[in-house]
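The values are calculated or read from the model by the stated rules, or taken from the named source; none is laboratory data. What you see is a predicted model; the values in this text were computed from it and never measured. Counting neighbours? That spans all protein chains shown, and the Cβs are built from the backbone with ideal geometry, glycine included.
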Amino acid sequence: MRSIPMKLSFKALILFFFIVCLSTPSFATLTVDAGGPYEIYAGYDLWLQGMVGGSTSTGWYSDSGARFSTNPTGWVPWVTLDAINPRLPRNTPTTLTLKASDGASTVSDTAALTIWSRIPIAVLQTVATPVGSTLTLDASQSIHFGPATLTRYYWDLNPTSTCPFYTPGTDLPPPIWTGFESDFFTTSPILTLTPEQYASFYSSPGTYHPAVWIYNSNGDGTYAQQSLTMLAPVPVPPAVWLLGSGLIGLIGIRRRLKK
């Protein structure tokens, strides 16, 4: 009985294992992690931080089922996000889904995405005020979105034109208002003025149209204009004059008695 050469046996063994490895299915675990939650302002690109293991294909999907990226991690341009149909909502969390597949099975994970409106909404409130009394203009009901805060308020007591139209809360900034000139600047949403401070603007009763331009900490701003009624000065009641005259008379009598 002839023996098989050792060299030939070794080669056959290597070939056998090579064939077994090719024919044996992969037992790598299929995993997916969508990361998040994500927050961006409208107009900015989105950085996704998903992680996938054991996958041959991946994809990011909006809550409407639209696929917008094939990379688990990376930048997604704003134009890509904004083109998703239906349009992703603003100021409300929406769901993104990261799916991974190895050809035999598919797994997925979700993450929340909030797209904040960049432009705040300015709200100006006024109260009818008699000329000669303290005047208050109130912008405290103005609205901002996301982590930004309202930081600057510019006040125009008598704009040379009316506020141009734009849609509040949209992604695009409002048109430039050339009729606006800042008379006062504050970091507070409430402007309080003495009669001396507004005398050159509201010296007589009538209806005026002050305005405020607000800015958030991102440098995005918008404006609002409101009607203001200035009333006639409050007359001093006759009883007050009589009381004052009586007090003056008593003081005079007392001085005479002392003498």
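What the table shows:
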read-out: Any hit, region 194-210, residues being touching a Cys at 6+ places or on another chain (Cβ under 7 Å), of a type outside the set (Phe, Trp, Tyr), closer than 14 Å to ALA122 by Cα and modelled with pLDDT of 95 or more; value: no
read-out: Condition met for PHE165 (assigned to a strand (DSSP E or B) and without any contact (Cβ under 8 Å) to a residue 40 or more places away in the chain); value: no
read-out: Residue in region 51-70 that is within 30 Å of THR149 (Cα to Cα) and either assigned by TED's automatic domain parsing to the domain that holds GLY146 or part of a strand (DSSP E or B) (or both) present; value: no
read-out: Hits in region 95-128 (condition: in contact with a Leu (Cβ under 7 Å, 6 or more places away or on another chain), among the small types (Gly, Ala, Ser) and crowded, with 17+ Cβ neighbours inside 10 Å); value: ALA100, ALA111
read-out: Region 14-44, residues that are in contact with a Lys or Arg (Cβ under 9 Å, 6 or more places away or on another chain), aliphatic (A, V, I, L, M) and modelled with pLDDT under 95; value: ALA42
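This table checks each residue for (1) assigned by TED's automatic domain parsing to the domain that holds PRO164; (2) of a type in the set (Val, Ile, Thr); (3) under 17 Å from THR134 (Cβ atoms).
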{"residue": "GLY179", "(1), (2), (3)": "yes, no, no"}
{"residue": "PHE185", "(1), (2), (3)": "yes, no, no"}
{"residue": "THR194", "(1), (2), (3)": "yes, yes, yes"}
{"residue": "ALA199", "(1), (2), (3)": "yes, no, yes"}
{"residue": "GLY219", "(1), (2), (3)": "yes, no, no"}
{"residue": "GLN225", "(1), (2), (3)": "yes, no, no"}
